[in-house]
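Worksheet: the structure to be examined is printed underneath.
Bear in mind these aren't lab numbers, they're just calculated from the coordinates by the rules spelled out. Please read all numbers here as calculations on a predicted model, not as lab measurements. Methodologically, a virtual Cβ is constructed for each residue, glycine included, from the backbone with ideal geometry; neighbour enumeration extends over all protein chains shown.
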Amino acid sequence: MAQKKIPARQCIGCMTSRPKKELVRVVRAPSGEISIDLVGKKPGRGAYLCPDPDCLTKAKKKKALERCFEQPVPAEVYDALAVQLAAAAKEAAADGKKE
């Protein structure tokens, strides 16, 4: 039987390709609101980041989110993303300990 293909995405911070489930999706909703999509089903334009604060810092320095979403990203959004990424990283670590 053929093995199922695992979808891969590229982190906009460190530019490494990883399986989609290992990355955190940041989405710009049609209304223009930017947030983290933990489920991966929210409508809108998506960009992927490693659940690592260093990748968010790199993306901010390179203005990668601005280029992906084709709009300026306010500093408050980066602060909120940093908090949400830290929470997502904790959640991922807790899930890893359960298994």
Pull up the cross-link candidates among the aspartates and glutamates for K90, meaning alpha carbon to alpha carbon under 12 Å and not fewer than 8 places away within one chain.
D52
Between S31 and R45, the two model label points (7 Å from Cα along the beta-carbon direction) sit apart by a distance in nm of 1.8
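I want the antiparallel fraction of DSSP beta bridges within the chain, as a percent rounded to 5.
Details: 12 of 13 bridges.
Bridges in the chain that DSSP calls antiparallel: roughly 90 percent.
Using a Förster distance of 22 angstrom, determine the FRET efficiency expected from the C-beta separation of T16 and E66, and round it to 0.05.
0.60
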Quick calc: nm separation of the 7 Å Cα→Cβ label points for A89 and Q3 -> 3.0
On Cα atoms only, tilt of 75-98 relative to the major axis of the chain in degrees:
10
Long-range amide H partners of C14, meaning residues 5 or more apart or on another chain whose placed amide H is closer than 5 Å, are C50
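For each of Y78, Y48, count neighbouring Cβ atoms within 10 Å of the residue's Cβ, then give the residues from fewest to most.
Fewest-to-most ranking of Y78, Y48: Y78, Y48.
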Work from the charge dipole of the stretch 16-99 (Cβ charges, +1 for Lys and Arg, -1 for Asp and Glu, about the Cα centre) and give the residue of A82, Y48, G32 farthest towards its positive end.
Y48
Determine the dipole magnitude for the stretch 1-74: charges of +1 sit on the beta-carbon of Lys and Arg, -1 on that of Asp and Glu, nothing else is charged, the reference point is the Cα centre, and the result goes in debye to the nearest 20.
260
